[in-house]
1. Find out how many positive minus negative residues lie around Tyr148, taking Lys and Arg as positive, Asp and Glu as negative, among other residues whose Cβ is under 15 Å from that of Tyr148.
2. By how many degrees, 0 to 90 and rounded to 10, does the Cα axis of helix 24-34 deviate from the longest principal axis of the chain?
3. Put a dot 7 Å past each Cα toward the Cβ at Thr101 and Glu188; how far apart are the dots in nm?
4. What is the ratio of the Cα radius of gyration of segment 76-118 to 2.2 N^0.38 Å, with N the residue count, to two decimals?
5. Within the set of other residues whose C-beta is less than 10 Å from the C-beta of Gly38, count the net charge using Lys and Arg as +1 and Asp and Glu as -1.
6. With the Cα gyration tensor of the chain in hand, convert its eigenvalues to equivalent ellipsoid semi-axes via √(5λ) and list them largest first in whole Å.
7. Once amide H atoms are built 1.01 Å from N in the peptide plane, which residues 5 or more positions from Gly130, or in another chain, come under 5 Å H to H?
8. What is the extension gain from Arg56 to Glu221, computed as 0.36 nm multiplied by their sequence separation minus the C-alpha to C-alpha distance, in nm to one decimal?
Amino acid sequence: MSFISVFDVLGPNMIGPSSSHTAGADAIARIAGKMMNGKLKEVKFILYGSFAKTYRGHGTDKALLGGVMGFGTDDIRIRDSFKIAEERGIKYSFVQGEDDTDMHPNTVDIIMTDSKGTKMSVRGESLGGGKARISRINDVEVDFTGEYASVIVVQRDKPGVVAHITKCLSDRNINVAFMRLFRESKGETAYTIVESDDRLPEDIAVKLRENQNILEVVVIEP
């Protein structure tokens, strides 16, 4: 039996009328924005289900754009997301995706491009009460929420990489809440996602990158 808290019903402090369509959208986009190491220059949002139908009226568009720029759910700058993005030289667009009954009704694909032309695609779902789930990174199916301190390791799917990751975590006494490996196919690009109850040490990304088969490390604090 699952229990619903008052927070789940009321949602977080937020700018906007809906915990699912504004706070959840902001949460998805903030996680996505943290995955970009370069300066964001362009972002395209592809909206599905109820997101696509009501995004203008519920402020989902402003929340998504504000989130990808790092604004929290209660940041009043969300109201001026369009203006601020333009001032920062960020191009943005919103596109309605095709209906898919197998997809969560509050789903968005966020396609980001940095100043060097590097692209990253993140799919997120707004689950209600301001909570979110990331379900895809660059066409690889994943599953994490961003509610914990997280490390996202982009790696070649080679022997010894996971052992290196676990050793780095163990050497720094990191208490692992969840650790999962996701990959498209054997030997290709894979993602190891580690979620911890504790704040992550500042040098964890540097130590993880010491393995030649680790391509990128992203640290996300909740």
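1. Working: positive: Arg30, Lys34, Lys131, Arg133, Arg180, Arg199; negative: Asp143, Glu147, Glu195, Asp197, Asp198, Glu221.
Combined, the nearby Lys, Arg, Asp and Glu give 0.
2. 40 degrees
3. With each label point 7 Å from Cα toward Cβ, the separation is 2.9 nm.
4. Numbers: Rg = 14.0 Å, N = 43, 2.2 N^0.38 = 9.2 Å.
Here the Cα radius of gyration is 1.52 times the empirical estimate.
5. Working: positive: Lys39, Lys41, Lys116; negative: Asp114.
It works out to a net charge of +2.
6. Numbers: eigenvalues 171, 79, 58 Å².
That gives 29, 20, 17 Å for the three semi-axes.
7. Result for Gly130 returns Ser20, Gly24.
8. Values: separation 165, 0.36 × 165 = 59.40 nm, distance 2.95 nm.
Stretched fully, the Arg56-Glu221 segment lengthens by 56.5 nm.
Readers should treat all values here as calculations from the given coordinates under stated rules, not as data from a laboratory. What you see is a predicted model; the values in this text were computed from it and never measured. Cβ coordinates were reconstructed from backbone atoms using ideal geometry, including for glycine residues, and neighbour counts include every protein chain displayed.
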